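Worksheet: one structure, shown below.
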Amino acid sequence: MTSQQLSTISSVGGELPDRWRSDIQAQLSQGENVVSALEVDLDQQLRFAKGVVVITNTRLLARAPGQEQWQAWPFSFDLSLEHHDHAGVGHLELVSARGRLAAWRFTLGQNLQAIRLVEHFAAQRDSHSSGEPVISDDTNVCPSCKAPLEPDQEECPVCTKVVYTPPSTWTLFRLWRFARPYKLQLGLGFLLMLLSTGAHMIPPYLTIPLMDKVLIPYQNGTPVDSSLVALYMSGLVGAAVLAWIFGWAKTYVLALVSERIGADLRTETYDHLLRLSLEYFGGKRTGDLMSRIGSESDRICVFLSLHLLDFASDCLMIIMTGVILFSIDPYLAIFALAPLPFIAWLIHLVRDRLRTGFEKIDRVWGEVTNVLADTIPGIRVVKAFAQETREAARFRTANKHNLAVNDKLNKIWSLFSPTVSFLTELGLLVIWVFGIYQVSKGNITVGVLSAFIAYSSRFYGRLDSMSRIVSVTQKSASAAKRIFDILDHVSSVPDPVNPVKLAKVEGNITLRDVGFRYGNRAVNRGINLDIKAGEMVGLVGHSGSGKSTLVNLICRFYDVAEGAIMLDGVDIRSLAISDYRRQIGLVLQEPFLFFGTIAENLAYGKPDATRAEIMAAARAAHAHEFILRLPQGYDSMVGERGQGLSGGERQRISIARALLIDPKILILDEATASVDSETEKEIQRALENLVKGRTTIAIAHRLSTLAKADRLVVMDRGVVVEEGAHDELMAKEGAYYRLVQAQARNVDTDLDDRGSKD
């Protein structure tokens, strides 16, 4: 074994467990170096077992899972390594002109390295065929997945995660887009705030003549000038009244504006959330989204209506007070403001820790609400499996985590706030010391010192208040960031800028080379299908064959990754989403009903429907009879998610709901899978009325429910493998035939089991 061979195996060691190194070393010949390697973890029966595929500079080496012997294939021009993945399983196939030579299976955790392995294979094979060596520059590869990077690329676009960044206070300035419509009211509020602050500045200034011209002369034996006292007292009362009037007006105006800003923020966030694709909701927790729209927007509203108002008022008060202090005595003002730089430095020091801390608190609180959002809707499952104690423990754990994070932040805040208070008291002490010295030297009067004390008390009081608002500001910045995370998210199913208008929808659906991937997992690929207007097509296949995904693509819940789906010859991506989906009626396996009356649920897709139209749809769906048996008939309340109705009743209501909008296209996704045989017959009769004259795509595990389909499309591993009528496909004895036979055997087995029990 040469040193070069050892170094190459060592470089690949990051990709493989240590146990493979010695085995690989034993297989290498003189001058042979390892280029890339992949550990596969599934055998041909998809059972977990370990194997390895190795690319060297001369050949491909492999040891199949569960096997001891090694196999080798030297590079040749007709040799190719193909990579596929579907339904959570990756496939590598070694193919030559003679056919498939070998195949390996692996879970998709190794998918990135498998892609890298195929790239290395192609490079080494081409080099072997051309006789030119491969120039490798492993310095510019991703250190995690070994994927190649561009010369000036520093991050891998495949495996780079979204890095958490703490919220910036500048995020709050983005709220201006919601405040812009109310700029006149905000301007009025600012003017009133200015007048209110100015009125508050008058009383301390009037203490100077009161002390120097009234009280001190009176102590020295001079009679009190009543008219002068009345003038100063009138000034104090007038300033107080003006401050009250302006304060009330600015608080009322700005509170109204802030409430409207908060309402607009909630509305736009919710509107934007509804426009996002299903892909976004698939990666989010319900409790977290509810927390963002509810408590986070409420926190911002409180900040705008109360704390921001106080902050702006404090800033004006501090500026005005500073100007007055310097106008009275610059030297005393310098000493009065001496602690200010230390307070500013302390605020800057603590701000970042508070910012990250409050963001963490928000995320931890999301964990608490997520437990509630999981448990309350699923309370029947919790009770059915007697897991109350477990769910209580989950909530207790989340609550303890929330408590621990808050305690950690409170340690910082509990030190910060008293420190600022101490520095403000120190500032007042400095004023007393230097002020007494100035009075003793005759540089200032007692009245000036009294005014300085009054102004400084207000100055440091407002400064202390401003330091406390740091906490609220960071909480609000954290809340704003979490809301703008929603608003900044762009839907993966965008509406076209200039949508095409269809004068009349016929219902012809065409799929051309359609492919789709969930992340790095291929689900559908190369699907070509023509569905004529008014035709009923049944989609059949094993679970995981891509049927429901194909329906989601037709509904445009997701956009195709490859190819196109067309309605009457027009790409559905060029149609307005709302216009397109109004042409689709969807009946799901688990129908969702909203909290409200039966009539409101029936008319969900057509809110302006008359009671006669609602009842006609219910009759067509064979739901009218059981609805009339309810206590309030069509006005009976439906519990959350349809509680109080049977599965068959909920399904017939969903069928009537689809009938009412009179769609051109009908999607039936396992519409009878969760009901008994008698209920299925009722639903089938309802579906017969529903499918008349409509383009229908039906998914069903029970193949008997597709007996009236004009055509059956058989799917397997994301591709269409057969297509035709029932009798035609049975005669072929292919994939559909095997499905029918397998289902028949299961039915026979169930009947035999029942007979033996009886």
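The values are calculated or read from the model by the stated rules, or taken from the named source; none is laboratory data. Only a predicted model underlies this, so the values are computations on that prediction, with no experimental measurement involved. Every residue, glycine as well, gets a Cβ built from its backbone with ideal geometry; the counts of neighbours run over all protein chains shown. The area values use the complete protein model at the heavy-atom level, side chains included, leaving out ligands, DNA and RNA. Shrake-Rupley method; radii C 1.70, N 1.55, O 1.52, S 1.80 Å.
Note on GLU82 and ILE245: the extension gain reaches 50.7 nm, defined as 0.36 nm multiplied by sequence separation minus the Cα-Cα distance. Among the listed pairs LYS383/LYS606; LYS547/LYS708; LYS708/LYS732; LYS504/LYS532; LYS501/LYS606; LYS360/LYS411, those with a Cα-Cα distance over 26 Å are LYS383/LYS606. Separation of the range 315-346 and the range 396-416, taken as the distance between their Cα centroids, equals 35 angstrom. Take MET201: with every protein chain present and a 1.4 Å probe, its accessible area is about 10 Å². Estimated at 0.36 nm per residue, the fully extended path between VAL381 and PHE326 surpasses their Cα-Cα distance by 12.7 nm.
Using R0 = 56 Å, the C-beta based FRET efficiency linking SER440 and ARG174 works out to 0.55.
Split the accessible area of the range 573-648 by element, probe 1.4 Å, and carbon with sulfur accounts for 55%.
Once backbone amide H atoms are built at 1.01 Å from N, PHE595 has ARG641 as its partners under 5 Å, excluding neighbours fewer than 5 places away on the same chain. Averaging Cα coordinates gives a centre for the range 489-537 and one for the range 56-73; these two points are 43 Å apart. Given R0 = 25 Å, the distance between the Cβ atoms of TRP70 and VAL95 translates into a calculated FRET efficiency of 0.80.
For the range 582-612, the residues whose amide N sits under 19 Å from a probe point set 7 Å from the Cα of VAL500 along the beta carbon direction are 582-584.
Solvent exposure of the range 571-623, expressed per residue, is 49 Å² of accessible area, with all protein chains present and a 1.4 angstrom probe.
Ignoring any ligand, DNA or RNA, what whole percent of the accessible area of the range 215-345 comes from carbon and sulfur when the probe is 1.4 angstrom? Here carbon and sulfur together make up 70 percent of the probe-accessible area.
Multiplying the residue separation of LEU274 and ASP608 by 0.36 nm and removing their Cα-Cα distance gives an extension gain of 118.1 nm.
The simple spin-label model puts a point 7 Å past each Cα toward its Cβ; for VAL721 and GLU733 those points are separated by 1.7 nm. Work out the FRET efficiency for LYS692 and ALA744 from their Cβ-Cβ distance, taking R0 = 22 Å, and round it to the nearest 0.05. So, using R0 = 22 Å, E works out to roughly 0.15.
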